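**Q** Have a look at this one.
The values are calculated or read from the model by the stated rules, or taken from the named source; none is laboratory data. These numbers come from a predicted model, not from an experiment. Counting neighbours? That spans all protein chains shown, and the Cβs are built from the backbone with ideal geometry, glycine included. SASA here: full protein model, heavy atoms, side chains in, ligands and nucleic acids out. Shrake-Rupley method; radii C 1.70, N 1.55, O 1.52, S 1.80 Å.
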Amino acid sequence: MPHPPVATGRHCIVPSTLTRPTRVLLLVGLVATIGLLRTGSASAQVQADTTAACADRLDAAEQAYRNRNFGTAVSRASQCTDPESVGEATALRAYRLITLASLRQGALVQARTAVENMLQIDPAYTADPVSDPPSYDLFVSMVREDVSPDATAKAEPDTTGTERDDAETRSPSASRAVAPSHRGVFLKFGGGISDYTGDYPAQNVGHPLDFQEFITGSGVPFMASVELGYQVSPGWAVVAGFQFGNYPIVGYKKPTINDSYRYTPQLLVRYTFRAPDRTVRPYLDLGGNVTVGGERFTSTGAGPSVGGGLDLALGQTTSFYIESRFNITVPDGAIDAAEFADAGFWGPFDSVNQLLGVGLRLRLGGP
């Protein structure tokens, strides 16, 4: 019967009674153990190096995002989305950047895919309401509500950050969640400063920015407006609006200035210059109006309407607007009962204007 190895100090002496094949097996096992230890150490070092490289890459992606280079931000962040090679924290940071940049590009399918992958890595993931934009917080919440826990657990990771082209792989509810949101009905309401420009009171020197309404006439120059519109495309919308207000100087002809309210229905076409995902969107209006009001001497006036403003997004369905609009009326004496041939540029017509208006725009729904 062979004797066991005898330990002497720090060394182990293998008795010569072991057979040659046994000694070979022991040597192979020792070499394999050392190799596994070195491989594990090397893998850990590779992961550490990859994570460090991704930290720099994501810093560059964030800088590209701040510079509005959204495509570059997505491309760089997409290289750091594998949680096994870069770690979960780094992958979540990369997917967050992909989602933010995709939302700014209007790539809602790509943004949704990134959020689904984030929820697969961390099912309890939520946006930071302090540091993350409200639109990102809302989008993450919508995807979380729409994707069941079972579906999230079974979702396959997508490390490219690209869109899923096969629409059949998404459920009907998911398709609704990422459908383009530029079409639909909207409501606007607000108020501001009114302005009448025409024959009164200075006749040939009056203009929209003379602010005579604040010192002459009856009451305070104010206006209120409401609009119901339909967004046909990201750029174009048709709008039915109604504006009413007090235009103090418009009743100047009467002995007592107490008839200065006018009412102006409008039909407009609106063009917005920037994509729906942008925070600030300028727009122009062009259309027509009919203006009525006045106790005596007046009649119905009509003419073109032109205006413009800025739409400032507050969330997915709400925005704040600042705008001005000019409603020209003919014949000349319709709204102020005055026709002065020497009234300069404004001699042939008058206008009731929204000199400065502010308010809210609400998206009510769409396809």
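**Q** Measuring from a point 7 Å past the Cα of residue 330 along Cα-to-C-beta, which residues in segment 235-252 have an amide N at less than 13 Å?
**A** Of the residues in segment 235-252, none has backbone N under 13 Å from the label point off residue 330.
**Q** Roughly how many nanometres apart are two label points built 7 Å out from the Cα toward the Cβ at residue 224 and residue 364?
**A** In this crude label model, residue 224 to residue 364 measures out at 1.8 nm.
**Q** Could you put 322, 328 in order of accessible surface area, largest first, with the 1.4 Å probe and the full protein assembly present?
**A** Heavy-atom accessible area, descending, gives 322, 328.
**Q** Could you tell me how far the Cα centroid of segment 99-123 sits from the Cα centroid of segment 232-253, in Å?
**A** 40
**Q** So for the pair residue 66, residue 232, with labels modelled 7 Å out along Cα→Cβ, what separation do we get in nm?
**A** With each label placed 7 Å out from Cα toward Cβ, I get 4.2 nm.
**Q** Still on this structure, I have one more. Over all directions, how big on average is the projection of the convex hull of the alpha-carbon atoms in segment 244-365, in square nanometres?
**A** That works out to 8.6 nm².
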